[in-house]
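Here the structure is laid out as C-alpha cells; the discussion comes afterwards.
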Amino acid sequence: MIKKLDKLILKAFVGPFIATFFITLFVLVLQFFWLYIDDFVGKGLDLVTIGEAILYVAATVVPLALPLAVLLSSIMTFGNLGETFELVAIKSAGIPLLRFMRPIMVVALILSGVAFLFNNYLLPVSNLKLNRLKYDIINKKPAFDLREGSFYTNIPGYSIKVGKKEKDDSTLREIIIFEKDYNLQDNIIIANKGIMRVSDDKRFLEFKLMDGWRYTERGSRVNTNTEYIRLGFKEFKKVFDLSSLSFNKTEDSLFKDNYQMLSVRQLDGAIDSLSKVHTIFRKKVSDEIGMYVQFYKYMDTAYTPLTTKATADSLRDIIPDSLHSSMNDRVLSQLSIVKSSLEITKTDYQNRMKSLRLHKMAWHEKFSMSIACFVLFLIGAPLGSIIRKGGIGTPLVFAVIFFVIFFLLNNFGKKFVKEDVMAPIYGIWLATFVLVPIGVFLTYKAMRDSQLFNKEFYYRTFRRLRPFLSRFNKKSGAVQPQ
C-alpha cells in the first residue's frame, strides 16, 4: 500500500512540475527579450542567431525556474489531494504528513543536486556564450534600411538620402550622397534617378545613378588656391562596402575571466588569489610612499633617543629664513605626489576587494540556488495541504507571493554584498535564512490540520468573540464624560 501511495503522489506531482517548469522558463525568457528588445530589433539577425540566443537565455534562467516550478507544483499537488479528500483518507489510515511528503521530498533533494550540477558546469558555459552573443548583437549596426526623406549614416564615411522609393524598392528618386574624406569639404553626388542592388553575398551595395552631378573640391587646407570640380554624368556607378554591417563573432576568451563564467573549483582558485590583496597592497603602499617620505623606511628600526635636548620651539627656528619658501614648495610637491599615489592605490584596492566579494558571492550562489529547490518545497507541500485547493488559481497566488519574497530577498542580499553592506555568506543565504523557519512553521501547522487559511475558521472565531465585543462596547458607552 505504501508503494502505491508513493506512486500516486509522484504521478500527481510530475505532471504539474513539468508544465509549470516550462511555463516559468517561457516567461523568464520573454522577460529577457523584453529588456533587450531594442538591441535585437532592426539588426537583421538570422533565425540561427535568434535560436542560439533563446537557447542560451533559457539555460541561464533554469536555476531560477526550477525553484519556482517546485514551489508551484508542490502547492498544486497537495492542494489537489486535499480538495478531493485524498489527504483525509491517507491521514485516516494512520499515515502522517511527513510520510506521504517523503517521495516528493526525495525528488526535491534530487532536483537540488541536479540544480547544483547545472549551476556548476552548464551555467558558466551558458553565461559565457550568452554574454559573447549579447555583446556582438548590441555592437552590431542596424541592417541596411534606406528610408525616404532621411539620411542613412550607418555606412562609415557616407550619408545617403533618397527623396522617393518606388514600389519595387530598387528604383530611387532624388538621391543625395555625402562622401566624407576629411579634406576641404565633403564630396557630394546628386542624381535624379538610381537603381539600388545588394550583392548576393550581402557584402556590397551598388548604386547605378543616372542624370546627376558630382561636386568635388581639391587642394590644400593651408592654401586658398583650390580647385572646384563639377562633373555631370548620364550614368555613374557607386559601390559601398557593407562589411561594417555584418555580424562578427567575438572570441569567448574576452569574457572567460568574469566571475559568472567560473565553476566552484575555478572560483576557489580566484578567491585564493584575491585574498592576498591585503599583503600585496601593504607592500605596494610601503614601496610607493618610501620613495617620497624618507623617514618611512626607518619606522620599524630601533629608535635611539637624542643625547641633547632640542631647544627650538618650531621647525622654523632650525631652518634658515632663506630656505623657508623652497622647503614649503618641496613639502607641498611631495604631499601632492603622495596623495595622488594613495588615491590611485585606494581605487585599485577597492576594485580588488569588490572583485573578491563578487567571486565569493558567485561561489555561495552555486549552493544557495540549488538548496532553494528544497527550501521552497518545504513551503509548498505543507501550504498545499493547508489551503486544500487544486487547479491553477489559488496555488498560483500563493506561489507568486512566496516566490516574490524569495526573489526580493535574494536580490536584496546580492545588492548588499555588492555594496559591502553584508558579508557574502549572509547576503546570498538571506532568502534561505528567512524562508526555512516559515517552511518549518507551515509544516508544523499542516501536521496538526491547521485552519490557517480557512475563512470559515476566522468567521466562527469572530462569531464567538462578538458577544464579548458587544459587552465591551456597552460598558464603554455607559460611562459618560462629566
From the cross-link list LYS129/LYS208; LYS7/LYS389; LYS129/LYS389; LYS134/LYS208; LYS7/LYS415; LYS167/LYS238, the entries with a Cα-Cα span beyond 32 Å are LYS129/LYS208; LYS129/LYS389; LYS134/LYS208; LYS7/LYS415
Taking every other residue with Cβ under 9 Å from the Cβ of PHE233 and scoring Lys and Arg +1, Asp and Glu -1, one gets 0
In the stretch 69-125, which chymotrypsin sites (Phe, Trp or Tyr not before Pro) fall in coil by DSSP and have 11 or fewer other Cβ atoms within 10 Å?
PHE85
Segment LEU117-VAL440, length gained on full extension (0.36 nm per residue, minus Cα span)
113.6 nm
On full extension of the chain, what length is gained from ILE54 through SER199, given 0.36 nm per residue of separation minus the C-alpha to C-alpha distance?
49.2 nm
Between LYS339 and SER159, what's the calculated FRET efficiency when r is the beta-carbon distance and R0 is 51 Å? Round to 0.05.
0.60
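All of the numbers you see were taken from the coordinates with simple rules; none came from a lab. Bear in mind that the values here come from a model prediction, so they are computed numbers and not experimental data. For neighbour counting, all protein chains shown are included, and Cβ atoms are generated from backbone atoms with ideal geometry for every residue, glycine included.
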